Amino acid sequence: MKPFTMIPKSVKKKIPDPIKKAIRKIYKSRLYRDIEKFKKNGTRFRPPLSDFPGIVRLETTTRCNLHCAHCPHSVLSKDKNFLGDMDKSLYFRAIDEIAKESPETIVRPFGGGEPLVRTDLAELIGYAKKKGIQKISINSNGTLLTKNRRAELIKSGLDHLEVSIDAATPDTYTKVRQADFFRKVVDYTIAFIDESKHFNRNNKITVSFVLQKDNYHELEDFKRFWKDKADNVTIRPYHQHGGFVDAHGNFIKNADSTYRHPCPYVWRGLIISIHGKVCFCESDWTAEHTVGDICHQSIKGIWQGPELHRLREQHIAGTFDHPLCNVCPDWQKIKWPGM
């Protein structure tokens, strides 16, 4: 299928030329062609691999002020050993290498918790920006975006903020988030959008919505409310996060794995835990399946190292022998562009 085939002409005319050009480039890429072959006849494909991860997520904290039903934190936080913060020296060490090797790599200083529970988050972001990191992005539940914290984040140089809201009404928010902060989060987010754009119009703000049984009915209302306010409205499929949370009755079990594709996570980036352990999968919340440790290794060395090479070869071959991949319930919802 050619790009724009299914798009009405009236809509196509409104798409800016640079975006059209980018879309055409994707459709012409070798990866896209390989994915099309895979979808048609199951031909295995080898995704392109960069010299350095395109995204590095630094787990600055595993503490959170909410206990959302769809998040593994609601289960894992019962173990006090799970909770903690990344030491600043470890964070600085990681940033220094990223800035030296690949300043265009997207840095996401958050992980298994709410990043704003760290009162020094703006300092951490500011350090990365001063070192030359080009894009820094965080995901927040928005409950701590007070006026002072908003000002700190904006001045720190933060490039992108995603606020996870998952509801269009207070009642649904309370069911999903197990807390009554809906009005506050909406007001804080709108204020951040206004204040951030006034300071730097290039800042981007996303609001997101994880589809689940308690909020399906509010999806269209959510999109309608935010479409003219936020830069992006992102709708995500529900994940079981490696089995830490249940299916909520909407997960496709026993899916046909004949056409199971290589997982984008293994080619896209790395996750560094609060202790410096390096993970390849976003579902490895407890860092049980690490591929390295930045306390003793470089990020680049881990990315190009034997552990990840072996894992990628398994995915290309379609064997998925790794213990985490072998039991993954989420792979059919983690896809490459074009799937």
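The single residue among Ile302, Ile316, Ile271 that is in contact with a Gly (Cβ under 6 Å, 6 or more places away or on another chain) and outside any loop (DSSP other than H, G, I, E, B) turns out to be Ile302. Looking at this structure, is Ile165 of a type in the set (A, V, I, L, M, F, W, C), within 23 Å of the chain's Cα centre (by Cα) and either more than 19 Å from Lys223 (Cα to Cα) or buried (at least 21 other Cβ atoms within 10 Å of the Cβ) (or both)? It is true that Ile165 is of a type in the set (A, V, I, L, M, F, W, C), within 23 Å of the chain's Cα centre (by Cα) and either more than 19 Å from Lys223 (Cα to Cα) or buried (at least 21 other Cβ atoms within 10 Å of the Cβ) (or both).
Would you pick out the residues in segment 325-339 that are in contact (Cβ under 8 Å) with a residue 24 or more places away in the chain and either farther than 27 Å from Lys37 by Cβ or polar (S, T, N, Q) (or both)? Within segment 325-339, Val327, Gln332 meet the criteria. Scanning segment 292-315 for residues that are open to solvent by less than 20 Å² (accessible area, probe 1.4 Å) and either in contact (Cβ under 8 Å) with a residue 40 or more places away in the chain or aliphatic (A, V, I, L, M) (or both) turns up Ile294, Ile299, Ile302, Trp303, Leu308, Leu311, Arg312, His315. Checking each residue in segment 280-299 for being over 11 Å from Leu324 (Cα atoms) and assigned to a strand (DSSP E or B) picks out Val291, Gly292, Asp293. Restricting segment 117-145 to residues that are under 15 Å from His160 (Cβ atoms) and assigned to a loop (DSSP other than H, G, I, E, B), the residue that is farthest from the chain's Cα centre (by Cα) is Leu145. Of all residues in segment 151-162, those that are buried (at least 20 other Cβ atoms within 10 Å of the Cβ), outside any strand (DSSP E or B) and in contact with a Phe, Trp or Tyr (Cβ under 9 Å, 6 or more places away or on another chain) total 1. In segment 80-93, the condition of being open to solvent by 20 Å² or more (accessible area, probe 1.4 Å), in contact with a Phe, Trp or Tyr (Cβ under 7 Å, 6 or more places away or on another chain), modelled with pLDDT under 90 and in a helix (DSSP H, G or I) is met by no residue. Within segment 195-224, the set of residues being out of contact with any strand residue (DSSP E or B) (no Cβ under 9 Å at 6 or more places or on another chain), closer than 18 Å to Asp171 by Cα and aromatic (Phe, Trp, Tyr) comprises Tyr216 only.
Lys213 - would you say it is touching a Gly at 6+ places or on another chain (Cβ under 9 Å) and within 17 Å of Arg236 (Cβ to Cβ)? Yes; evaluated as a whole, the condition is true for this residue.
Of all residue pairs spaced 6 or more apart or on separate chains, those with beta-carbon atoms under 8 Å, a first member in segment 40-52 that is under 26 Å from Val278 (Cα atoms) and a second member that is of a type in the set (Phe, Trp, Tyr) and not in a helix (DSSP H, G or I) are Pro47/Trp336.
Within segment 209-233, the set of residues being at pLDDT 95 or above and of a type in the set (Val, Ile, Thr) comprises Val233 only. Of the residues making up segment 60-75, those that are buried (at least 19 other Cβ atoms within 10 Å of the Cβ) and out of contact with any Lys or Arg (no Cβ under 8 Å at 6 or more places or on another chain) are Thr62, Cys64, His70, Cys71, Pro72, His73. Filter segment 192-216 down to the residues that are in contact (Cβ under 8 Å) with a residue 40 or more places away in the chain and open to solvent by 20 Å² or more (accessible area, probe 1.4 Å) and list them by number. Answer for segment 192-216, where residues must be in contact (Cβ under 8 Å) with a residue 40 or more places away in the chain and open to solvent by 20 Å² or more (accessible area, probe 1.4 Å): Glu195, Phe199, Asn200, Asn202, Lys204, Val210, Asp214. Among the candidates Arg44, Arg57, the residue that is surrounded by fewer than 18 Cβ atoms within 10 Å (Cβ to Cβ) and closer than 30 Å to Trp336 by Cα is uniquely Arg44. Arg224 satisfies every condition listed in (1) surrounded by 14 or more Cβ atoms within 10 Å (Cβ to Cβ); (2) assigned to a helix (DSSP H, G or I) except (1). Residue count for segment 254-273 satisfying the condition of being touching a helix residue (DSSP H, G or I) at 6+ places or on another chain (Cβ under 8 Å) and buried (at least 19 other Cβ atoms within 10 Å of the Cβ): 7.
The values are calculated or read from the model by the stated rules, or taken from the named source; none is laboratory data. Bear in mind the structure is a predicted one, so any value in this text is a computation, not a measurement. Quick reminder, even Gly has a Cβ in these numbers, built from the backbone with ideal geometry, and neighbours come from all protein chains shown. With ligands, DNA and RNA removed, areas are computed over all heavy atoms of the protein, side chains included. Shrake-Rupley method; radii C 1.70, N 1.55, O 1.52, S 1.80 Å.
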